[in-house]
Amino acid sequence: MKIGILKTGHAPDIVLDELGDYDAMFARLLDGRGFEFAPFNVVDGEFPDGSHAADGWLVTGSRHGVYEDHPWIAPLEALIRAIRDAGRPLVGVCFGHQIIAQALGGKVIRHPGGWRVGPTTYEIDGRPLTLNAWHRDQVVEVPPGAEVAGRAEGCEIAALRYGPRILTIQPHPEFDATMMDRLIEHRAVGVVPDPLRAQARARLDTPTDSAAMADTIAATLRKDAPHG
């Protein structure tokens, strides 16, 4: 099954040799589940021919905000709506969670509660999952037809389901301890408050439930889509 990865950003240079870009991180997360991956650098203006260019789709995280004025935002929102209308499976993570919500009628803001960084316990589909967080923006209004599927303290809309074929989540199951370490050391300085950085660093070795979340993502991506 071919999964198109819509890359809305690139991993920091400091991790590229060690961990690869975001598409490589998702390929590792979903390894062994029968997928092949086709990345599209939408952040650089590289788009697929349409919603039928892959059997399912995944929208990555990004350092950008969905409300920012970038030339690729509107075409990405149009593609998201086309994927939905075509009945193709779709998953969004962090920025992906937010841009899908915005494209389908929800609202995203820079949250007054500030950053969420490091291992965080979410309740997703009624079960507690510890996953790495790295975000300041949040979905604050649920799109029509969507249901809240996940929450965490300070993040009331941490996962959304739009029927059986679309799942979006705020946390990063594709981020391991190495990635979090590099973000804390190289992207967080002067951006994330020092006490929060220190707290996240102290919890780097906390076990996460990324494998369980990968199973949930894979189950969504495997939903049969109509042909044509």
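Annotation: the stretch 7-122 has a Kirkwood hydrodynamic radius of 15.2 angstrom, from the mean reciprocal C-alpha pair distance.
Of the trypsin sites (Lys or Arg not before Pro) found in the stretch 3-66, those that fall in a DSSP loop while having at most 15 other beta-carbon atoms within 10 Å are 33, 63.
So what is the diffusion coefficient of the stretch 140-192 in µm² per second by Stokes-Einstein at 37 °C and 0.692 mPa s, using a Kirkwood Rh over Cα pairs?
251
Legend: P(r) of the chain from all alpha carbon pair distances, 5 Å bins from 0, whole percents, reading 1, 7, 16, 20, 22, 18, 10, 4, 1, 0, 0. Within the shell defined by Cβ-Cβ distances under 10 Å, the residues around residue 43 carry a net charge of 0, with Lys and Arg each +1 and Asp and Glu each -1. What is the local net charge at residue 155, summed over the other residues whose Cβ is closer than 12 Å to its Cβ (Lys, Arg +1; Asp, Glu -1)? In short, -1. P(r) tail for the stretch 107-185: Cα pairs beyond 18 Å make up 41% of the total.
Add +1 for every Lys or Arg and -1 for every Asp or Glu among the other residues with Cβ under 14 Å from the Cβ of residue 110, and state the total. Intermediate results must be reported in sequence, preceding the final value.
On the way: positive: 63, 107, 116, 136; negative: 68, 137.
It works out to a net charge of +2.
One equal scatterer on each Cα of the stretch 94-228, no solvent, Debye formula: the resulting log10 I(q)/I(0) at q = 0.14 Å⁻¹ is -0.63. Of all DSSP beta bridges confined to the chain, the antiparallel ones make up roughly 60%. Translational diffusion coefficient of the stretch 63-167 (Stokes-Einstein, Kirkwood radius from Cα pairs, 10 °C, 1.306 mPa s): 113 µm²/s. When you filter the GluC sites (Glu not before Pro) in the stretch 1-103 for DSSP loop state and at most 12 other Cβ atoms inside 10 Å of their Cβ, you are left with 46, 68.
Taking a point 7 Å out from the Cα of residue 36 in the direction of its Cβ, the residues of the stretch 2-23 whose backbone N falls within less than 20 Å of it are 2-7, 23.
Working from Cα pairs under 8 Å separated by at least six residues, relative contact order for the stretch 61-180 is 26 percent. When only Cα pairs under 8 Å and 6 or more residues apart are kept, what is the percent relative contact order across the chain? Answer for the chain is 20 percent. For the stretch 150-228 versus the stretch 2-27, the spacing of their alpha-carbon centroids is 14 Å. In the chain, helical runs assigned H by DSSP with n ≥ 4 each contribute -39500 (n - 2.57); averaged across all residues and rounded to the nearest 500, the mean residue ellipticity at 222 nm is -9000 deg cm²/dmol.
Rule-based calculations on the coordinates, nothing more; no lab input. Model, not experiment: these values are computed from the prediction. All Cβ positions, even for glycine, are placed from backbone atoms using ideal geometry, and neighbour counts span all protein chains on display.
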